Each structure stands twice: as C-alpha cells, then as structure tokens.
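Step one of this worksheet: look at the structure below.
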Amino acid sequence: MQDDINLIYKSDCLYFKGYIPCKPHKEKGVHCDKCDYYAPKEKIILIIKLGAIGDVIRTTPLIHKIKKEHPDALIWWLTYTPDILPSVVDARFKYDVESITIFQATNFYKIINLDKDPQAGALTSLLRADEKYGFTFLNGKPSPLNDLAKHKFLTGLFDDVSQKNKKSYLEEIFEICGWNFAGEEYILDCDSYDSWNLPDEGKKIIGLNTGCGERWVSRLWKNENWIELIKLLKNEGYFPLLLGGSQEDNNNKYLSKQSGAYYPGHFSLKEFISLVNQCDVVVSAVTMAMHIAIGLKKPLVLMNNIFNPYEFELYGRGEIIQPEKECKCYFSPKCKNPDYFCMDHIKPITIFNSICKILSSQD
C-alpha cells in the first residue's frame, strides 16, 4: 500500500484526467515515471465563442495561431454547440452550470472572449486569467477589454462605421488577440457517409443552400429564382443538389418537385457537413452552410445583400454576388425598403455564370 501511495503522477500532462486512468495507461499500461507519451501542457487558454454555429466555425482559424505561439498550452472552448468544434480543441465545453463551475476553479493563462453578449462578458469579468482579450461586462453593459477590441466593438454599435470597415472578420478577431491574420484556414472535422446516392457519371454537383434562417428573411432568395437557376444548371449538364435543415425541408421538397433537383432530406449536423463535402460548388446566402463550405475548402458563390462584403474571407475560392440595386436594409433581419426587395435584383443568370466561371477555372 505504501508503494502505491508513493507512485508519481504528472498532472500537467496532456493525457492526465485526474478522475480516470489516462489513455496511455489504459492502452499500454505505463505509469507516469516511465512514460514515453508524457506531453506537458502548463497553460490553459480559454476561447469563449458562444454564438451561432457558423460564427463558431469561422473563429477556428485562431487555433492555428494559438498552437504556433503557445505549443505548451491546452485549448479549451466554451460554446452553445460544442459538437461543431474540431478535435484539435483539447476540451470542449457547453455553456452550462457545470462548465462555469469548472472555470471558476481554474487559473487560465489567457481568456479570449469574442462575444459581446452580456453573459459571455460577465463570465469573462468573473474568471481568473493572466491575460484577457476581447469583451467584458462593465457597469451592466458589454465593454471592450482594451484598445485591441475597440474597433470590433465600435463596428457593432454604429452602422456607418461598420459599412466603412475594410477588415474581414478574421482580421478583426486576430487583431483583438494582438496578432495579424495571415490566411489561416478554418478547421472543420468531416466524417464519411456512403449513402448519399449521388451521381456517379462524373457530373459536377452544385449544392444549393436555399434557406437563410427564420430571423434573417431579408436574405431570402425567392423560389422562382432557385427554379430558374436549377433549370440553367441542368441544361448545362450539372447536378443541382438542394441543401438545408428542418426549416427548409418543406420548401426544398417543393423546389425538388417543381424543378427536378435532387433533395436527399435534412440530417444531423455531422451528416450535413458530409453532404456539403460532396459538392463541387456551393451556392448560399450568409448562412451556416456558407461557413461549412469555406471550412471544407469548397468553392462558394455567396449571395450577400445586408452585410459588409469585406467581412467575408473566401480564401480565393469563391465570389460574392450582390444585388444590382442598392440594398437599404443594412444588418436588418427584415426588408425595410418600400420600393423593392433587393434580393430580387440578384439574377439567376448571374449566379449561373459565376458557377461556370469557378468550374472552368478548375479545368
């Protein structure tokens, strides 16, 4: 018994759990005093990005920089949707009481909070860390932690400042951390599924993500436009594939019936990622599917009307198409323009030509 008490354990190891045996011990039977798998991780960096799934995906380029600058640090991430986080994140936490309890008992090296939500800022203000970046909660209101976060904070307060901004979202969040964005890619895990029943005769598959969410109906492209685009694609010998979630299910069934486009149904998040991965080009408004396509390095035709186009980083693999008439509904969930609906002024032939241009550049 005395020998057992004197056993060495190394709590700073990547594999150390503290409440169960570590993986190297379970698989190889090794103990800490004679273990070739020992990987010291002396610091913990916490990323707080609660938000929508797409926002979480587009924050993952920071992981590249963190691993380069702090190879001895563990990366923890707090979000509403931990399932979307890549496996390279060391610990994925859902925003709940259990996670917050763990955080309150932890001394962090860095906390990077990229959400201006009151709950994210309040948590950032309460937790202990050697360094904090991003946003906090001050006098009952969200607030930038320092001057590095002030630019991003102000673009969220004033539309005219936001419209003048020439920095992408990635440039802004790297700047918040005191770094320069250098083309770091999204990180997105993709599982394989073999039951999509897609064409095997070599047709190019064009993924058409037809929805935009219930809130942001100002981004919605009308069904007649999708049907016309599908006809153009089929006439050219392409394979149109309708994409969407449960909210788009009934409408995608309608579009499939009216146009003959293939619609396999709606799926879990991981299955949806795999389905998007089958596409040669993806067409989408600003949606989760847009970020999934970018994360999978898929060429993208992005329909944008209400956001600053400089916000988006397509890594040279796509094109942003905007209405031919001015959109007067900047960052508005619903169209405020009484004269015309600006998405009607993105023409199907324009989207079709962009798809053809992208595919021809691949030949």
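Candidates in the stretch 161-179 are the residues that are under 21 Å from K132 (Cβ atoms) and among the charged types (D, E, K, R); of these, the one that is surrounded by the fewest Cβ atoms within 10 Å (Cβ to Cβ) is E175. Can you confirm whether the stretch 301-309 contains a residue that is of a type outside the set (G, A, S), under 20 Å from the mean Cα position of the chain (by Cα) and at positive phi? No, the stretch 301-309 contains no residue that is of a type outside the set (G, A, S), under 20 Å from the mean Cα position of the chain (by Cα) and at positive phi.
Filtering the stretch 196-213 for residues that are in a helix (DSSP H, G or I) and under 22 Å from P333 (Cβ atoms) leaves an empty set. N277 passes every criterion in (1) in contact with a helix residue (DSSP H, G or I) (Cβ under 8 Å, 6 or more places away or on another chain); (2) closer than 25 Å to P86 by Cα; (3) not charged (D, E, K, R) apart from (1).
Set side by side, the residues F153, F158, F103 differ, and just one is without any contact (Cβ under 8 Å) to a residue 60 or more places away in the chain, among the aromatic types (F, W, Y) and exposed (fewer than 13 other Cβ atoms within 10 Å of the Cβ), which is F158.
Conditions (1) in a loop (DSSP other than H, G, I, E, B); (2) buried (at least 21 other Cβ atoms within 10 Å of the Cβ), marked per residue:
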residue: K297; (1), (2): yes, no
residue: V301; (1), (2): no, yes
residue: G316; (1), (2): yes, no
residue: K325; (1), (2): yes, no
residue: C329; (1), (2): yes, no
residue: Y340; (1), (2): yes, no
residue: T350; (1), (2): no, no
residue: S354; (1), (2): no, yes
residue: S360; (1), (2): no, no
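I'd like the residue in the stretch 194-237 that is of a type in the set (F, W, Y) and in contact with a Leu (Cβ under 8 Å, 6 or more places away or on another chain) and, out of all such residues, is surrounded by the most Cβ atoms within 10 Å (Cβ to Cβ).
Only one residue tops the list, namely W226.
Of all the residues in the stretch 320-330, those that are in contact with a Lys or Arg (Cβ under 9 Å, 6 or more places away or on another chain) and in contact (Cβ under 8 Å) with a residue 60 or more places away in the chain number 1.
Taking every residue in the stretch 295-319 that is free of Cβ contacts under 8 Å to residues at least 60 places away in the same chain and pairing it with any residue that is of a type in the set (D, E), at least 6 positions away or on another chain, the pairs with Cβ-Cβ distances below 6 Å are V301/E319. Can you say whether L241 is surrounded by fewer than 16 Cβ atoms within 10 Å (Cβ to Cβ), within 29 Å of L170 (Cβ to Cβ) and touching a residue at least 40 places away in the same chain (Cβ under 8 Å), as far as the supplied structure shows? Against the criterion (surrounded by fewer than 16 Cβ atoms within 10 Å (Cβ to Cβ), within 29 Å of L170 (Cβ to Cβ) and touching a residue at least 40 places away in the same chain (Cβ under 8 Å)), L241 does not qualify. Kindly evaluate K110 against the criterion of being outside the structural domain of H291 (by TED's automatic domain parsing), touching a residue at least 40 places away in the same chain (Cβ under 8 Å), part of a loop (DSSP other than H, G, I, E, B) and crowded, with 18+ Cβ neighbours inside 10 Å. Against the criterion (outside the structural domain of H291 (by TED's automatic domain parsing), touching a residue at least 40 places away in the same chain (Cβ under 8 Å), part of a loop (DSSP other than H, G, I, E, B) and crowded, with 18+ Cβ neighbours inside 10 Å), K110 does not qualify.
The condition of being touching a strand residue (DSSP E or B) at 6+ places or on another chain (Cβ under 8 Å), modelled with pLDDT of 95 or more and not in a strand (DSSP E or B) holds for only one of A129, A120, that being A120.
Here's the yes/no breakdown for (1) out of contact with any helix residue (DSSP H, G or I) (no Cβ under 7 Å at 6 or more places or on another chain); (2) closer than 30 Å to G213 by Cα; (3) not in a loop (DSSP other than H, G, I, E, B); (4) not assigned by TED's automatic domain parsing to the domain that holds I292:
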residue	(1), (2), (3), (4)
Y9	no, no, no, yes
H25	yes, no, yes, yes
G51	yes, yes, no, yes
I63	yes, yes, yes, yes
F93	no, yes, yes, yes
T101	yes, no, yes, yes
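The values are calculated or read from the model by the stated rules, or taken from the named source; none is laboratory data. All figures in this text were calculated on a predicted structure; none of them were measured in a lab. With ideal geometry, Cβ positions are generated from the backbone for all residues, glycine too; neighbour counts draw on all protein chains shown.
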